[in-house]
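To start, the structure itself, in structure tokens.
Every number here is computed from the coordinates shown, using simple stated rules; none is lab data. Treat the numbers as computed from the prediction; the structure is a model and nothing was measured. So basically every Cβ, Gly included, is an ideal-geometry build from the backbone, and we count neighbours across all protein chains shown.
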Amino acid sequence: MTDRQAKILDTIIREYVKTAEPVSSAWLAEECGFDCSPATLRAEMNTLEEEGYLQQPHTSAGRIPTDQAYRSFVNNLLAEKQSELPEKDKQLIDRTITPAKDNPYQLSHNLAKTIAQLTDQLAISGIVDTNEFFKSGFNNIFSSPEFQLGREWGQFGSLFDEFEDFYRALLGDIPDDGVTIYIGEETPAEETQDESVIITRYPLPNGLEGLSAVIGPTRMRYGRNLAVLKYINGKMKGL
């Protein structure tokens, strides 16, 4: 991928994450200051489409990112300096953890609510050893552009019912000191292969192991959501 193609792809991903609207070459030419013609931008976008990074919805002249594009974006994100959470968000997480730090059940319940609030996604947090998980953020589904556009979200009901059955497969690739990101078809659970899952594990009180996950459309704010879970991971390990 050339530098210009990489910049075009990065711009399309960031715009689509914000708007959930396909991005056109005309918009790129008018709004983004690329030093080339709309025709050149269209040619570059065609190349990116041929290489599997973009796709064109049937009813639109614009393009949207594929899972392959998001994976490239996330890999670049992971290779760069990680985004820092705003101080107010760190303080909210601190206020969530500190009062319940000796109670793994209350702590997991509180974390699910806080993660959903900070990420605007579905959140699951719980105790690996006992298969007890708390879920929060259902309202975030209904306010998403995907839901407003008529997308089928019924799979999330079975996802939550069956989370206990497949989380161990997710845990297999999670390093103790970090966070793992599954994008679309990368996820080992059929229920989430149209979504992305960001998941982390950490120690809980009384020698238990905790897990927190963010689940949402592939069009999610990866940098923001990753920063939230990384901060929680580090905070829990410091207790």
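A few remarks follow.
- Per-residue Cβ neighbour rank within 10 angstrom, fewest leading, Ile215, Ile64: Ile64, Ile215
- Peptides 217-228, 116-127 ranked from most to least packed give 116-127, 217-228, packing being the mean of other C-beta atoms within 10 angstrom over each peptide's residues.
- Here Glu186, Glu30 are placed in order of increasing Cβ neighbour count within 10 Å, fewest first, which gives Glu30, Glu186.
- Extension gain, Asn139 to Gln117: 0.36 nm times the residue separation minus the Cα-Cα distance gives 6.9 nm.
- When Glu44, Glu132, Glu195 are sorted by how many other C-beta atoms sit within 10 angstrom of their C-beta, beginning with the fewest, the order is Glu132, Glu44, Glu195.
- In order through the range 28-38: 3J(HN,Hα) via Karplus (6.51 cos²θ - 1.76 cosθ + 1.60), integer Hz, x for Gly, Pro: 4, 5, 7, 9, 10, x, 5, 8, 6, 7, x
- Computed E for Asp10/Leu239 - FRET, C-beta separation, R0 45 angstrom, nearest 0.05: 0.75
- Nonlocal amide H pairs with Ser196, under 5 Å, H built at 1.01 Å: Gly184, Gly216, Thr218
- The range 1-31 residues near the modelled Glu49 label - backbone nitrogen below 12 Å, point 7 Å along Cα→Cβ: 23-25
- Unsatisfied cross-links (Cα-Cα over 29 Å) in the set Lys90/Lys135; Lys101/Lys135; Lys135/Lys235; Lys18/Lys101: Lys18/Lys101
- Figure legend: label point modelled 7 angstrom from the Cα of Cys36 along Cα→Cβ; residues of the range 47-71 with amide N under 18 Å from it are 47-55, 62-65.
- FRET efficiency for the Glu84 to Glu132 pair, using the beta carbon distance and R₀ = 30 Å, is estimated at 0.40.
- Here each label is just a point 7 Å from Cα along the line to Cβ, and for Tyr105 and Thr2 those points are 6.2 nm apart.
- The dipole here belongs to the range 40-131: it is taken about the Cα centre, uses +1 on the Cβ of Lys and Arg and -1 on the Cβ of Asp and Glu, and is about 280 debye.
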